[in-house]
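Contents: one structure, followed by commentary.
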Amino acid sequence: MDSQIEEIKNKLNVLDVVGSYMKLTKTGVNYRGACPFHSEKSPSFFVSPTRQMWHCFGCGAGSSIFDFVMKIEGIEFIDALRMLAAKAGVQLKRENIQLRTERQRLHEICELATAFYQKQLEGSAVGKEAEAYLLKRGITTESLKKWRVGYSPDLWNSLSDFVVGKGYAREEVIRAGLAIEKEGKTGDSYDRFRGRIMFPVFDLNGQVVGFGGRVFKQVGETAKYINTPQTLLYDKSGVIYGLNNAKLAVRKKNQCVVTEGYTDVIMCHQAGFENTVAASGTALTSQHLNILKRYCENLVLAFDMDVAGDSATKRGINLAQEQGFNIKIIESYGSGNEKSDPADIILKDPKIWEAAVSKAKSIMDYYVDSAFSHFEVTTPEGKKEISKIVLPAIKRLANKIEQSHWVQTLSEKLGIPEIAIEEELAKIKDEKSVAPQQTVPPPVVNAISDSQRKKLIEERILYLELEGSTEDDKAELALCMLELEKIESKNRQQKMMKDIAGEKDEQKKQDLIKEFEKEAKKFHSIN
Ligand SMILES: [Zn+2]
């Protein structure tokens, strides 16, 4: 086993492994990014390609690629090993039965199901009709293969029987979310997806973790889309459809286009807009946003949203605004009164879609324009309704200058003095739009205190000064010194703030403030 771990380590580059999960920027010989394991404003997470190591100065986490994958995916060592072995193209020897964790078996079942559904789409009579329908909607055969689209027969047990025939228990098919247990009959079940076009949902490594099923030729009352329920592998609030194929483009463009549907994503990628994803059957959650934050700062949302209402969609957008994303909204990309999906527009002409993305409105423009088009600006009631929509959006802006810009704009447009708007703004409670559903936080290591951090860095500096000799050591030493300088500057600023607060003499106070500003400026220049 040990030699295989070495083999995997030799074949994989820490930069590729870590870089496939987060945005890294080159600094000297190292790379840095915002730590995915603790929340921070300035990045203190470093990757050293020559050492093949990663380390976070913020929370002290750091080690090999195996530890990184275990932490970020929240999985056991053996699963991380299997994942990285697959990535490295290393065949693990003696895969004994104990090593096959439940997670692994569920992965195998999802993989079997994907292959089964794909075969049905290509081979069965109704499957072929479904395929023809998809081709007519503009999805090419290559795209169907790339996204592994399939068809689930309209039968009660076809998939379950197939999977059980491969040596898995019916119980496991239920746990994979693919079958439903009959009420009061333990062990007896029926297939969850029947007579549907199947879209496998992939994790960041392209492994299938769940499915979305779109109704096809079914009559009667049935949902247009159904999805895998929560399973050991699948958590809809943490899965972003298409990100496995989009992540490189998203990082490169520092922009992610978020649509609503599976076909939107497939069509966008097909037309070359590869930075497109979709939230699978749910509004954006803080977990989705935490994942996206690793890749980009700019979101372009192709959502239908009622600005006056309180919808899950709107809450998701507010959440993204609070997390500091630059948000743009694509609006009215349909022609005439008929609103089309991105997939339909691309089928018509990809250029129209490209233009819609590039003309997307900033979230504030969007709120202001929609509010003013919804309500009559000349009446007092209209003014009140407009401010009810726009003021909370202004309040959520982190930047004071931006805030005051919008206060001014609103004042001009409403014909109301700025002071009145400021007063109303102050009345709005500083509430964070916490989504009502429970959100599972990402794997987080407790951030260590500044003094602990300082000690760690000082130890590292000492080591590097004594033992370091390579160019890499020198580069790391420089980074450590910079980190140390930042902590010390922060400490000085804190002390100065206390001094300023306690100073009674006005002249001395002004001098202290000047000194403080100098320190703060210095801090910003190194930060
Ligand atoms: Zn960290």
- line: Of 211-224, 479-492, ordering from highest average Cβ density within 10 Å down gives 479-492, 211-224
message: Nothing charged except the Cβ atoms of Lys and Arg (+1) and of Asp and Glu (-1): what's the magnitude of the dipole of the chain about its Cα centre? Round to the nearest 20 debye.
response: 520
- line: Once normalised by the length of the chain, the mean sequence separation of its alpha carbon contacts under 8 Å that are 6 or more apart gives a contact order in percent of 11
- prompt: When the dipole is taken about the Cα centre of segment 25-166, and only Lys, Arg (+1) and Asp, Glu (-1) are charged at their Cβ, what size is it in debye, to the nearest 20?
  reply: 500
- request: Excluding Arg32 itself, calculate the net charge of residues whose Cβ lies under 12 Å from the Cβ of Arg32, where each Lys or Arg counts +1 and each Asp or Glu counts -1.
  value: -1
- prompt: Computed over the Cα atoms, what is the radius of gyration of segment 2-99 divided by 2.2 N^0.38 Å, N being its residue count?
  reply: 1.12
- prompt: Can you pull the percent of Cα pairs in segment 236-447 with separation above 20 Å?
  reply: 60
- line: Mean projected area, convex hull of alpha-carbon positions in the chain, reported to one decimal in nm², is 31.9
field: For segment 194-232 versus segment 449-470, the gap between their alpha-carbon centres in whole angstrom
entry: 51
message: Viscosity 0.692 mPa s, temperature 37 °C: give me the Stokes-Einstein translational D for segment 450-526 in µm²/s, with Rh taken as the Kirkwood radius over C-alpha pairs.
response: 232
statement: For segment 102-227, Rg(Cα) over 2.2 N^0.38 Å is 1.02
- prompt: Going by average Cβ neighbours within 10 Å, how do the peptides 21-30, 255-264, 507-516 rank, with the highest at the top?
  reply: 255-264, 21-30, 507-516
- prompt: Number of Lys-Lys pairs in segment 450-526 under 17 Å by Cα, sequence gap 8 or more or different chains?
  reply: 29
- prompt: In deg cm²/dmol and to the nearest 500, what is the mean residue ellipticity at 222 nm of the chain if only DSSP H runs of at least 4 residues count, each as -39500 (n - 2.57), divided by the residue total?
  reply: -16000 deg cm²/dmol
- prompt: Using the Kirkwood radius built from alpha carbon pairs, what does the Stokes-Einstein equation give as D for segment 11-164 at 4 °C and 1.567 mPa s, in µm² per second?
  reply: 69
message: Quick check: the distance between the Cα centres of segment 261-279 and segment 17-58, to the nearest angstrom?
response: 29
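Rule-based calculations on the coordinates, nothing more; no lab input. Owing to the predicted nature of the structure, the values given are computational and were not obtained by experimental measurement. So basically every Cβ, Gly included, is an ideal-geometry build from the backbone, and we count neighbours across all protein chains shown.
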